[in-house]
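The values are calculated or read from the model by the stated rules, or taken from the named source; none is laboratory data. Bear in mind the structure is a predicted one, so any value in this text is a computation, not a measurement. Don't worry about glycine lacking a Cβ; one is built from the backbone with ideal geometry, like all the others, and counts go over all protein chains shown. For accessibility, only protein heavy atoms count, side chains too; no ligands or nucleic acids. Shrake-Rupley method; radii C 1.70, N 1.55, O 1.52, S 1.80 Å.
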Amino acid sequence: GFTCAAANEMEAERFQELAKVMKNKDVKLGEDQLSCLVKMVTLHGIPKDLDSYPKDLLLFLSPSDYAATGSCRQYFANIGKANLHVLQRESPQRKQLLLEALACLNIPGTQVNKENAEVLGRLVCDLGGEYIRSSGGNLLKQLSQCESFLPDQEEAIRSVISSGNTTFGPPVAWSAFTLNELSGLIPVFDHSVFQKIPKNALILWLKNFAHDSHLSREQLATIVEEVLPTRHKRADGCSPDKQITEKVLNSDLMPIYYTPEELHACLKNVSLENHLSQILTYPFSIQQLAVLRRNLDETYPHGYPESLLPKLGSLISFITPEDVSRWNITSADSLAALLKNQPPNEQASAIIKRYIGLGNALNTTALNAIGTKYVCLLNETELNMINSNTLKLVSLNPSACSQLTKEILYDKAKRAFSDQHYLPAYYELIEPYLGGAPAVDLRALGKDNVNMKLSTFVKLRRDSLMNLTLSEVQGLLGMNLGDLHKWQNESVVREWVQMQKQSELDKLHVGLTGGTQEGYINIVTPKFQPPSSASLGTVAMMLHLLPALLISFLMTSVLS
């Protein structure tokens with residue numbers, strides 16, 4: 001709940017105490033919160049006890065800032081343990097941190113030894129494929145903790161793993177324990193790697209270690225596909241040893257015991273409804289899920305009953321808009337249960353329209369279910385159905401939606417929070433909707449020391465932003481003004497800067513360039529409608545007189 005707006009109310013020393021308590025309580029902060037925190041903590045210089053502050057704070061400082069506390073090696077050892085994902089992967093800050101780390105550790109080429117890999121920690125996640133290949137297995141421990149990889153990194157990891165030149169040996173010699181050590185890298189493995197791993201090792205890992213892994217149902221399903229026979233025999237009925245009993249239905253290893261054909265044969269005369277929610281958490285392959293879907297279609301040929309809809313889970317991706325048109329979605333709870341499975345936009349849109357088409361209201365439960373993920377799917381008519389007061393209990397951020405959607409929701413949010421307009425909390429409530437705010441409302445906010453985040457600033461209405469003066473933008477951004485130059489590649493910022501006098505921008509001392517030089521004027525090219533034939537003569541006359549008018553204007557300027 002910490003905000004930059006609240007930061008203005010505290011003395012610098014008291015603020016430093018607050019930051020230290022945040023470390024002791026292991027408070028998780030976002031990029032904007034940390035960016036604000038570091039400005040306040042360093043307001044009167046860099047503290048000499050930076051290790052007393054949250055590690056993530058160091059992401060916004062440099063080795064030279066840390067010099068009074070410790071060496072650059074110590075600084076990057078702390079950075080390696082920080083939550084690097086606070087910074088966007090391709091952000092200049094994150095790239096700069098990696099370059100400085102490589103320089104500090106004196107790594108001139110692309111080979112990183114184990115000792116330096118330990119220091120780099122999570123920064124290893126940003127090393128390119130060439131580093132991974134050159135370093136052999138030295139980076140695998142750190143790489144297994146990364147949340148995601150770029151394609152060239154994935155290819156390099158597979159290459160290193162397949163070579164067998166690591167402490168783990170070749171995949172053909174792996175055991176379930178080896179797989180457990182490398183579980184963070186399993187999502188990177190493809191068929192070329194899996195086919196080399198003994199199937200017994202994969203099955204033992206699924207039985208003994210899968211519960212404790214962070215792999216998703218879909219990622220585990222990839223392993224299930226590998227352990228099932230590649231050639232599926234046509235099942236002539238269900239053999240006695242494959243009968244689906246209560247015990248089988250309650251085992252999350254059920255998928256590894258049935259090929260898709262066997263599953264289809266053995267599901268006949270088995271009622272899934274009471275077990276559906278549970279078994280759909282099991283790592284069934286796509287082919288097996290298709291069999292489960294077919295079983296439901298055979299059981300309910302005229303459409304699924306509403307009682308079944310909340311249980312569809314991972315089957316939702318197999319549903320078509322035509323299927324949805326036969327459903328009876330009469331409650332917001334049913335809508336919430338369906339959208340909780342995060343269906344693709346096409347299915348989600350069909351589900352929402354079916355819910356509304358049956359006369360149901362977009363109440364708090366419905367809007368919370370739709371959420372930021374699907375709010376942009378609502379059209380103008382559907383948006384206008386929303387009662388303003390509903391937004392008081394809903395968490396939405398329409399910044400990625402169309403301009404019309406942002407403006408409709410901003411007007412509703414402004415009405416919803418109007419009773420808190422003069423309270424500090426008002427800005428935090430209205431901020432997600434500011435992409436639809438007119439200039440007059442932004443001017444009013446600029447007088448309230450809101451310290452607007454740059455990520456919010458660049459998503460403001462273009463016409464609103466262009467109507468703000470330099471001092472008004474200064475009022476809006478507050479302590480974040482100094483970071484504006486980092487966002488100059490954003491077209492809306494660049495355009496606004498070009499409309500300001502460079503001499504005035506220089507007075508801010510924040511590194512903004514590209515403003516209008518003295519003696520020049522900015523000419524905004526108007527968007528003319530194509531002239532009608534009746535007005536062509538007038539246009540021609542104006543063009544004919546234009547040189548004379550320009551000469552007259554210049555002479556007047558010189559003589560004055």
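Of Ser239, Phe15, Cys125, which is farthest on the positive side of the dipole of the chain, counting Cα position, with +1 on Lys and Arg Cβ, -1 on Asp and Glu Cβ, and the Cα centre as origin?
Going by the Cα projections, it comes out as Ser239.
Using θ = phi - 60° and the Karplus curve 6.51 cos²θ - 1.76 cosθ + 1.60, what whole-Hz ³J(HN,Hα) does each residue of segment 351-365 get, with Gly and Pro shown as x?
5, 5, 5, 5, 4, 5, x, 8, x, 7, 8, 8, 7, 4, 4
Report the charge-dipole magnitude of the chain in Debye, nearest 20, computed about the Cα centre from +1 at each Lys and Arg Cβ and -1 at each Asp and Glu Cβ.
Values: 52 positive and 58 negative charges, 47 e Å.
With Lys and Arg at +1 and Asp and Glu at -1, about 220 debye.
Could you order the peptides 294-300, 136-142 from most to least packed, using the average number of other C-beta atoms within 10 Å per residue? Show your work: numbers first, answer last.
On the way: 294-300: 14.7, 136-142: 20.7.
Listed from highest to lowest mean packing, they are 136-142, 294-300.
Roughly speaking, what is the centre-to-centre gap between segment 1-80 and segment 128-201 when only Cα atoms are used, to the nearest Å?
Using only Cα atoms, the two centres lie 36 Å from each other.
Taking the Cα centre of segment 37-193 as origin, sum charge times position over the Cβ atoms of Lys and Arg (+1) and Asp and Glu (-1), and report the length of that vector in debye to the nearest 20. The partial results should precede the final answer.
Values: 13 positive and 16 negative charges, 53 e Å.
For this selection, approximately 260 debye.
Which residues' amide hydrogens lie under 5 Å from the amide hydrogen of Leu215, considering only partners 5 or more residues apart or on another chain, with H built in the peptide plane?
Here nothing satisfies the definition.
From the phi angles alone, apply the Karplus equation (6.51, -1.76, 1.60; θ = phi - 60°) to segment 258-267 and give each ³J(HN,Hα) in whole Hz, x where the residue is Gly or Pro.
These are the phi-based 3J(HN,Hα) values: 9, 6, x, 5, 5, 4, 5, 5, 7, 7 Hz.
Rounded, prolate or oblate: which fits the chain, taking a ≥ b ≥ c as square roots of the Cα gyration tensor eigenvalues, rounded meaning a/c under 1.5, else prolate when a/b beats b/c?
Oblate is the answer for the chain, as a/c is 1.5 or above yet b/c matches or exceeds a/b.
Would you kindly find the accessible area of Lys507, with a 1.4 Å probe and non-protein molecules such as ligands, DNA and RNA excluded, rounding to the nearest 10 Å²?
130
Nearest 20 debye, what's the magnitude of the dipole of segment 433-488 about its Cα centre given +1 on Lys and Arg Cβ and -1 on Asp and Glu Cβ? Provide the component values of the computation, followed by the final result.
Details: 7 positive and 5 negative charges, 27 e Å.
Value, rounded to 20: 140 debye.
At a 1.4 Å probe radius, carbon and sulfur cover how many percent of the accessible area of segment 343-465?
Numbers: 2750 of 5500 Å².
After summing per-atom areas, the C and S share lands at 50 percent.
Does segment 43-104 classify as rounded, prolate or oblate by the C-alpha gyration tensor (a ≥ b ≥ c root eigenvalues; a/c under 1.5 gives rounded; else a/b over b/c gives prolate, otherwise oblate)? Numbers along the way, then the final one.
On the way: a/c = 1.71, a/b = 1.41, b/c = 1.22.
Prolate is the answer for segment 43-104, as a/c is 1.5 or above and a/b outweighs b/c.
Which order do Ser418, Ser213 take when ranked by solvent-accessible area (1.4 Å probe, heavy atoms of all protein chains), largest first?
On the way: Ser418 70, Ser213 25 Å².
If we order Ser418, Ser213 from most to least accessible, we get Ser418, Ser213.
Calculate the length of the line joining the C-alpha centroid of segment 475-519 to that of segment 323-399, in whole Å.
The two parts, judged by their Cα centres, are 41 Å apart.
Taking amide H positions as placed 1.01 Å from N in the peptide plane, with prolines and chain starts having none, which residues 5 or more places from Asn83, or on another chain, fall under 5 Å of its amide H?
Hits under the 5 Å cutoff: Asp56.
Once ligands and nucleic acids are excluded and a 1.4 Å probe is used, how much of Glu428 is accessible, expressed in Å² to the nearest 10?
Its heavy atoms expose roughly 70 Å² to the probe.
Amide H to amide H, which residues 5 or more places from Thr516 or on other chains are under 5 Å from it, using H placed in the peptide plane?
Answer set, sorted by chain and number: Gln500, Lys501, Gln502.
Leaving out ligands and nucleic acids, note down the accessible area per residue over segment 236-290 with a 1.4 angstrom probe, in whole Å².
Working: 2760 Å² over 55 residues.
Ligands and nucleic acids excluded, the result is 50 Å² per residue.
Using the Cα gyration tensor of segment 276-384, with a ≥ b ≥ c the square roots of its eigenvalues, what is the shape: rounded (a/c below 1.5), prolate (a/b larger than b/c) or oblate (neither)?
Prolate is the answer for segment 276-384, as a/c is 1.5 or above and a/b outweighs b/c.
Hey, what do the phi angles of segment 131-140 turn into as Karplus ³J(HN,Hα) couplings, whole Hz, using 6.51/-1.76/1.60 and θ = phi - 60°, x for Gly and Pro?
Here the 3J(HN,Hα) series is 5, 5, 5, 5, 8, x, x, 4, 9, 4 Hz.
Set the Förster distance to 25 Å, then compute FRET efficiency between Glu147 and His191 from the Cβ-Cβ distance, nearest 0.05. Working shown, then result.
On the way: r = 23 Å, r/R0 = 0.93.
Plugging the Cβ-Cβ distance into 1/(1 + (r/R0)^6) gives 0.60.
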